[in-house]
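The values are calculated or read from the model by the stated rules, or taken from the named source; none is laboratory data. Computed from a predicted structure; not experimentally measured. Because the Cβ atoms are built from the backbone with ideal geometry, glycine has one as well, and the counts that use them run over all protein chains shown.
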Amino acid sequence: MLVFSYNVGCRNCFRGDGIQHTFTILDSNETEYTYTTEYEGMNIVEEVRRENDITCQFCNSDNVEVFDISVDNYRLYDYERLADTYSFGELHSFFMINIDKEGNTIELSTGGNLNLRAEFLEEALKKMLIIVRERPIDNFKLHQKGNFLMCVSGGYDFDKNRYIIQVEKFRTVGLSIREITKGIESLALKYNIEIPDDPF
Ligand SMILES: [Zn+2]
């Protein structure tokens, strides 16, 4: 038995209920979810909410973001833990983008390892663009205020000669796809990384 817990915020009416929601998976292999990323956990929670028609209690929208996900009280996303795990740097790295929007002002900040290799950053930024384009379009419902936070990690695969990237965390509220991709592209420019027009 596994207990998932999470918080919600509505992308439609911009409200959260402040309640920690939980559900239990009875028939599961315990180890299967313990070391999952929050992004994988988020997809599991979204699926469970869809199957059970759980919607925002204020506006009844199903366009709700889920975050702060724990499995049996183990937080799936923990920036400090990632910083410890990837403290050795180059062959195993993590990288985070945060975009805050307040009216006409968009502010971008980054986190992760300091000594990132260009090859890692290229794969990381490509992965971010891919995920942004894969997500349901209503994830990007536009508001005056918004936040986008994405964290990825990866290790170098010597067989494939490239970094294999996994998504640790994904959150978006209030921003358009264009606003987000512009932010990611500006980073590519800053780090002098060329992202093909079609990285997919
Ligand atoms: Zn709502």
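Summed over the stretch 124-148, residues that are over 27 Å from N192 (Cβ atoms) and either more than 14 Å from the chain's Cα centre (by Cα) or of a type in the set (D, E) (or both) total 8.
Selection within the stretch 62-86: residues that are touching a residue at least 60 places away in the same chain (Cβ under 8 Å) and within 16 Å of the ligand (Cβ to nearest atom). The member of this set that is surrounded by the fewest Cβ atoms within 10 Å (Cβ to Cβ) is N63. Of the set (1) closer than 22 Å to R135 by Cβ; (2) in contact (Cβ under 8 Å) with a residue 60 or more places away in the chain, all apply to N43 but (2).
Put simply, of D53, D84, D27 the only residue that is more than 20 Å from V152 (Cα to Cα) and either modelled with pLDDT under 95 or in contact with a Pro (Cβ under 6 Å, 6 or more places away or on another chain) (or both) is D27.
Of the residues that make up the stretch 161-179, is at least one hydroxyl-bearing (S, T, Y), within 16 Å of the chain's Cα centre (by Cα), outside any helix (DSSP H, G or I) and under 30 Å from S70 (Cα atoms)? Yes: one or more hits.
The set of residues from the stretch 87-111 being small (G, A, S), in contact (Cβ under 8 Å) with a residue 24 or more places away in the chain and assigned to a strand (DSSP E or B) comprises S93, G111. Only residues that are touching a residue at least 24 places away in the same chain (Cβ under 8 Å) and more than 19 Å from N63 (Cβ to Cβ) were counted in the stretch 149-163, giving 8.
Applying the set (1) loosely packed, with under 12 Cβ neighbours inside 10 Å; (2) part of a loop (DSSP other than H, G, I, E, B); (3) not assigned by TED's automatic domain parsing to the domain that holds F140 to C59 leaves exactly one unmet item: (1). Only one entry in G103, G112 is loosely packed, with under 13 Cβ neighbours inside 10 Å and either of a type in the set (S, T, Y) or out of contact with any His (no Cβ under 8 Å at 6 or more places or on another chain) (or both), namely G103. When restricted to residues that are more than 16 Å from the ligand (Cβ to nearest atom) and either surrounded by fewer than 18 Cβ atoms within 10 Å (Cβ to Cβ) or more than 16 Å from the chain's Cα centre (by Cα) (or both), the stretch 37-49 contains 4.
In this structure, does G146 turn out to be assigned to a strand (DSSP E or B), out of contact with any Cys (no Cβ under 8 Å at 6 or more places or on another chain) and in contact (Cβ under 8 Å) with a residue 60 or more places away in the chain? So G146 fails the test.
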